[in-house]
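First the structure, in the form of C-alpha cells, and then the observations on it.
The values are calculated or read from the model by the stated rules, or taken from the named source; none is laboratory data. Being a predicted model, the structure only gives us computed values, none of them experimental. Note: ideal-geometry Cβ built from the backbone for every residue, glycine included; neighbour counts use all protein chains shown. When the accessible area is computed, the model is the full protein with side chains, heavy atoms only, and any ligands, DNA or RNA have been set aside. Shrake-Rupley method; radii C 1.70, N 1.55, O 1.52, S 1.80 Å.
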Amino acid sequence: MGQWLERNIVEPGKLPLLLALTAFVVTFVVTRSITRLIRAGKGPFGNVTAGSVHIHHVVPGVILTVVGGFGAVASGGHGFGPYLSAVLFGVGAGLVLDEFALILHLDDVYWSEAGRKSVEMVVLTAALVVLLLAGFAPFGVNDLSQQELQNRAGVLTGVAANFGFALLALSKGKVRLAVFGVIVPVVALVGSLRLARPGSPWARRFYRRRPRARAKALLRAYRHDRRWSRPTRAVQDWLGGKPDPPRPPERP
C-alpha cells in the first residue's frame, strides 16, 4: 500500500488532491450526520444563529474555500502550505456543496425534494476527483501520444473535439454524461450520439417537426426514469436523509 501510494500519488504530485478529496468526503459525511441529528432532536448539536439569523454552514464553507484556494496559490507548491490549503479547500467545498441546492434556489430547501440536488452534486464532484486521481486528464489530453502532445495543433484539435462532444451531450439533456465526458472523452461521445431527452434544447430545436423522434424520446426517457429513479432516490436518502413530505397547499 505504501509503495502504491508513493508511486501513484506522491511522485506525480497528487497528494494535495487526495487530501482535498478526503477532507471533502469526510466533511460531507460529518455535516450530514450532524444535521440529521439536529433534525431528529438528538445529541448536543443545534443550529447556529446570530440573533434571528440562521447561519448556514455554507457561510464558513465559502470562507474556507477562499482561504484554501488563495493559500494554494500563495504557497507556490512548496513546503507544508499546499497540503494545509488542500485540506482547508476540501472542507470548505464539502460545506458549500452540501448546501448547493440552497444556493441554486436561493431558499432553504435543505430537507425538501429540491435539496436532493446537493447530494447529487457532492457525489458527482467526488466521482470526478477520483477520475483525476486515477490519471484521467480533462478533455482527453491523456489519450494523446507523445508526438501529438508535442504538436500544439493536435492538442488543440483533440481538446476542441472533446469539448464539442460534451456540449452536444449537454444540449441533449445528458448532463451527467456531459460532465463526465470532459474527463473521459468516450462518455461525451456516447452522450452526443444518444437520443435527446424531451424538453432539452436539442429536442426543442430538431424534434419539433419530427413526431416519431419526439415519441421515441419520450418513451426512452420514461423507461430510463422508471428503471433508475427509485434506486437513485434510495441512495440519495441513504446518503443525505429522506426529504420532508411536500406541504399541502394553503386554503385561501
Inset, instruction - At a 1.4 Å probe radius, which order do E6, E11, E120, E99 fall into by accessible area, largest first? - result: E11, E6, E120, E99
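Using Cα pairs closer than 8 Å and at least 6 residues apart in sequence, work out the relative contact order for the chain, in percent.
Relative contact order, the chain: 16 percent.
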Legend entry - Nearest-10 value in Å² for the accessible area of D237, using the 1.4 Å probe: 40 Å²
Inset, instruction - In nm, give the distance between the simple-model label positions of Q3 and R176, each being 7 Å from the Cα along the Cα-to-Cβ direction. - result: 3.8 nm
Legend entry - Hydrodynamic radius of the chain per Kirkwood, over alpha carbon pairs, in Å: 21.1 Å
Inset, instruction - Any chance you could run the full-extension gain for T157 through R212? It's 0.36 nm times the residue separation minus the Cα-Cα distance, nm to one decimal. - result: 16.3 nm
Legend entry - Hits among lysines - C-alpha to C-alpha of K174 under 27 Å, sequence gap 8 or more where chains match: K117, K216, K242
Legend entry - Average accessible area per residue (Å²) across the chain - probe 1.4 Å, nucleic acids and ligands excluded: 65 Å²
